[in-house]
Amino acid sequence: MTKNKKNYNQEMENLFKEHFPMLCLIAFGIVKDKDTAKDIVQDFYISYWQRRDAVSLTISFKAYAIKAVKNMSLLSLEKAKKEKSLLQSLNTPKYNDPEPMDPPNANGRKIQALLNELPESRKQIFISAIINGRSYAEIAEMQGISINTVKTQMKRAYAFLRSEASENLLHFFLWTALISYCIT
């Protein structure tokens, strides 16, 4: 390892140790979730590390980091708001029907059948996240598991659905989600 690379690594480590707690507090003040705040700050450091040669700071690192974390936190809130709106629109029964609607066609039934093929715990995690709009942190807390377990189960559920569903069924599902999203 060259001396410059070693010095840069040490400098990054010092910046992380010095500013991480403060940046987490700033993100938490916006997103109101400790785990999400930590994820945002970690994402900031990863992004900064990957773009370190292209970033030319005209202000202090602290000022740059605060502004970036605030922006990333606001983007996170906006994304969560859009996802929640989409999920609420998918969950809202039409015509004030108190009974949940059965899938209106064969594609809907196929999607439901695929979901029923998932292991029960994976299915519950997937439904909690996608249908009920819960965050990974909320799901982890409710089920007494780690956030990483939730993430792993979600990845496996998506992988299963991609591998088992026909291309036409996936297109149907994506179009349905997109149309529902645009309507709200």
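Computed from the coordinates by the stated procedures, all read-outs in this text should not be read as laboratory data. Model, not experiment: these values are computed from the prediction.
Some observations on this one:
- Scalar couplings 3J(HN,Hα) for segment 71-78, obtained by applying the Karplus form with A = 6.51, B = -1.76, C = 1.60 to θ = phi - 60°, are 4, 5, 5, 5, 5, 4, 5, 5 Hz; x denotes Gly and Pro.
- Cα-based shape type of segment 107-158, given that a ≥ b ≥ c are square roots of the gyration tensor eigenvalues and the cut on a/c is 1.5: prolate
- Across segment 56-67, computed HN-Hα scalar couplings (Karplus, 6.51 cos²θ - 1.76 cosθ + 1.60, θ = phi - 60°) run 10, 7, 9, 10, 5, 4, 4, 5, 4, 5, 4, 5 Hz from first to last residue, x flagging Gly and Pro.
- Extension gain for residue 20-residue 60 works out to 12.9 nm (0.36 nm per residue, less the C-alpha to C-alpha distance).
- Lysines whose Cα lies under 24 Å from that of residue 151, excluding same-chain neighbours fewer than 8 positions away: 32, 34, 38, 79, 81, 82, 84, 123
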